[in-house]
Amino acid sequence: MAAAPLKVCIVGSGNWGSAVAKIIGDNVKKLQKFASTVKMWVFEETVNGRKLTDIINNDHENVKYLPGHKLPENVVAVANLSEAVQDADLLVFVIPHQFIHRICEEITGRVPKDALGITLIKGIDEGPEGLKLISDIIREKMGIDISVLMGANIANEVAAGKFCETTIGSKVIENGLLFKELLQTPNFRITVVDDADTVELCGALKNIVAVGAGFCDGLRCGDNTKAAVIRLGLMEMIAFARIFCKGQVSTATFLESCGVADLITTCYGGRNRRVAEAFARTGKTIEELEKEMLNGQKLQGPQTSAEVYRILKQKGLLDNVSCDPCFSGSGPPLAPTASFSDSCVHLSCGLACLDTPL
């Protein structure tokens, strides 16, 4: 007797979540292994007098977060989270990382015990012992195996079908290969590695470096300075991973799409870079710019940098870092001087100054 098709639920419906829904919706129609209907949890909003779920289900487009790209008709938007995940065999997590605790608590017990998950969430959390990966939070709260997907994947380009690569990290390779089957297309090429923690850290830390790159652009520091920020940022990403990853860290993982490729893409084309550039030029707060430039979606770089700062402080690793001005709000935090370079380059600077306009 053939196994029942695997039911897929996408937890999240922002820019990246909707782009991934487009891929999965198209793929499951061709693969008998997966159920033909894909549920997507949507945080209900009103857009031009209509519920966003109604727009997606009737017009097959997420007009707020991925306008101009039609979603497959088999992608069904569901506003009730518990209903969306009910009996799902495969969960794709793609929400802002600050909401993961609440989401996991709400859906625990509503999915099969042998369900599998993959997180596309680019961020980290803090635990009693310091660093806490998002995959660890999901694994501990829900008791399911979690893979991670990170890479040089700007959502609008992925949705448009432009060629790109990405990396799946999985401690159980068979599970990583299953998600590769679900997600890979001729133009969305996936490599599976077992160095999952490093893959996940790359996805979080590169956003901090991208904010520094955006400051370089906003302050017109030039390409040489920006290149230095990116190179030194990569070196600190590697150093951070070697300190905090529980398993062995492979330098080769940083040469995958999740590492140097994602860092380059984010530092030149990502939204963390764009908003940081606007922040440096306009003096508006990050919250104001998120509303203006991202339809209210949240940046991951500023919050992740603050979390990295606190994690390093807890471990007593801030001795050689010039970061206090960023956190105290004293002095000109974004002057194009040596102190600016230090603040941009050091992951631990936290960039908490982003909450204060220039």
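The values are calculated or read from the model by the stated rules, or taken from the named source; none is laboratory data. What you see is a predicted model, and the numbers here were worked out from it, not measured in a lab. A quick note on method: Cβ atoms are made from the backbone with ideal geometry, for glycine too, and the neighbour counts reach across all protein chains shown.
Just a few scattered comments:
- Residue count for the range 197-228, restricted to those that are surrounded by fewer than 24 Cβ atoms within 10 Å (Cβ to Cβ) and in a helix (DSSP H, G or I): 9
- Considering Thr225, Thr185, the condition of being within 20 Å of Ala19 (Cβ to Cβ) and not small (Gly, Ala, Ser) is satisfied by Thr185 alone.
- Residue identified as charged (D, E, K, R) and crowded, with 21+ Cβ neighbours inside 10 Å among Glu292, Glu287, Glu256: Glu256
- Restricting attention to the range 36-46, the residues that are surrounded by fewer than 24 Cβ atoms within 10 Å (Cβ to Cβ) and either in contact with a strand residue (DSSP E or B) (Cβ under 9 Å, 6 or more places away or on another chain) or among the hydroxyl-bearing types (Ser, Thr, Tyr) (or both) total 6.
- Taken over the range 118-132, the criterion of being assigned to a strand (DSSP E or B) and at pLDDT 95 or above is satisfied by Ile118, Thr119.
- Scanning the range 184-196 for residues that are buried (at least 22 other Cβ atoms within 10 Å of the Cβ) and charged (D, E, K, R) yields a single hit, Asp195.
- Of the candidates Glu174, Glu181, Glu105, Glu157, the single residue that is surrounded by fewer than 17 Cβ atoms within 10 Å (Cβ to Cβ), more than 24 Å from Asn272 (Cα to Cα), free of Cβ contacts under 8 Å to residues at least 12 places away in the same chain and not assigned by TED's automatic domain parsing to the domain that holds Thr251 is Glu174.
- Residue that is in contact with a Phe, Trp or Tyr (Cβ under 6 Å, 6 or more places away or on another chain) and polar (S, T, N, Q), where the choices are Ser18, Ser13: Ser18
- Any hit, the range 73-80, residues being in a loop (DSSP other than H, G, I, E, B) and either among the small types (Gly, Ala, Ser) or at pLDDT below 95 (or both): yes
- Every residue from the range 154-179 that is hydrophobic (A, V, I, L, M, F, W, C), in a helix (DSSP H, G or I) and more than 16 Å from Ala21 (Cβ to Cβ): Ile173, Leu177, Leu178
- Test for Lys33: is it within 25 Å of Ala160 (Cα to Cα), among the basic types (Lys, Arg) and modelled with pLDDT of 95 or more: no
- Residues satisfying the stated conditions in the range 254-301, i.e. modelled with pLDDT of 95 or more and not in a helix (DSSP H, G or I): Glu256
- Within the range 126-154, tally of residues that are surrounded by fewer than 22 Cβ atoms within 10 Å (Cβ to Cβ) and under 13 Å from the mean Cα position of the chain (by Cα): 1
Per-residue answers, yes or no, for (1) touching a residue at least 12 places away in the same chain (Cβ under 8 Å); (2) crowded, with 22+ Cβ neighbours inside 10 Å:
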site	(1), (2)
Ile10	yes, yes
Ala21	yes, yes
Lys29	yes, no
Phe34	yes, no
Gly49	no, no
Ile56	yes, yes
Glu61	no, no
Pro67	no, no
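- Number of the exception - Arg231 against (1) more than 23 Å from Gln303 (Cα to Cα); (2) surrounded by fewer than 22 Cβ atoms within 10 Å (Cβ to Cβ): (1)
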